[in-house]
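First the structure, in the form of structure tokens, and then the observations on it.
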Amino acid sequence: MSYEGIHPVWRTVRDRYQRMVQGLPEGDLGLRLSPDASSIGHMIRHNAEVEYMFASWFFGRPVPEGVEYVAGGKGGAGNEAVLTLEKLIAFSAASDAHLTNAMRELPEDAWDIAVDSPIGSSTPREALGRTLYHTGLHAGQISLICKHAQRE
């Protein structure tokens, strides 16, 4: 299976996630289940940053100039990039487009060749599976936070 086979699966998961992000009220971005837990805004930013990382590590597409990783620590509550919905939506859409283009440009014979990365060795196909799982995991966490977090 090459890009043509995996692209519909990626679009299904990623488009649903992006619609969820776009439907959030701005005031929910700071919600979290406990004071030391990550906020919704932090998770959205983190998910997009991981997409940029994976595009670079496993698909050989350099991170665009100007992209900063700011969600490395827990919480991210003091970071404007994490707490502004408009910026998060744009950053999330851009990371998706970046990873999608990296997948499209990957030669068919490279999908199953292991690549060493800071998180270990994976093929691009395995890495994409990890990214799909990662996105779904954070989508579920965001839904849970929206349902149970204390609002002011």
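For the stretch 81-114, the tally of residues that are of a type in the set (Asp, Glu) and either open to solvent by less than 40 Å² (accessible area, probe 1.4 Å) or touching a Phe, Trp or Tyr at 6+ places or on another chain (Cβ under 8 Å) (or both) stands at 3.
Test TYR69 against the stated conditions and say whether it is under 21 Å from ASN101 (Cβ atoms) and at pLDDT below 95. Yes, satisfied. The residue that is least open to solvent (accessible area, probe 1.4 Å), among those in the stretch 1-25 that are aliphatic (A, V, I, L, M) and assigned to a loop (DSSP other than H, G, I, E, B), is LEU24. Screening HIS42, HIS134, HIS46, HIS138 for residues that are within 16 Å of the chain's Cα centre (by Cα), without any contact (Cβ under 8 Å) to a residue 60 or more places away in the chain and open to solvent by less than 60 Å² (accessible area, probe 1.4 Å) leaves exactly one candidate, HIS42.
The residues of the stretch 26-39 that are open to solvent by less than 10 Å² (accessible area, probe 1.4 Å) and in contact with a Lys or Arg (Cβ under 7 Å, 6 or more places away or on another chain) amount to a single one, SER39.
The values are calculated or read from the model by the stated rules, or taken from the named source; none is laboratory data. Everything quoted here is computed from the prediction, not taken from an experiment. Glycine gets a Cβ as well: all are built from the backbone with ideal geometry, and neighbour counts include every protein chain shown. What goes into the accessible areas is simple: the full protein's heavy atoms, side chains included, and nothing from ligands, DNA or RNA. Shrake-Rupley method; radii C 1.70, N 1.55, O 1.52, S 1.80 Å.
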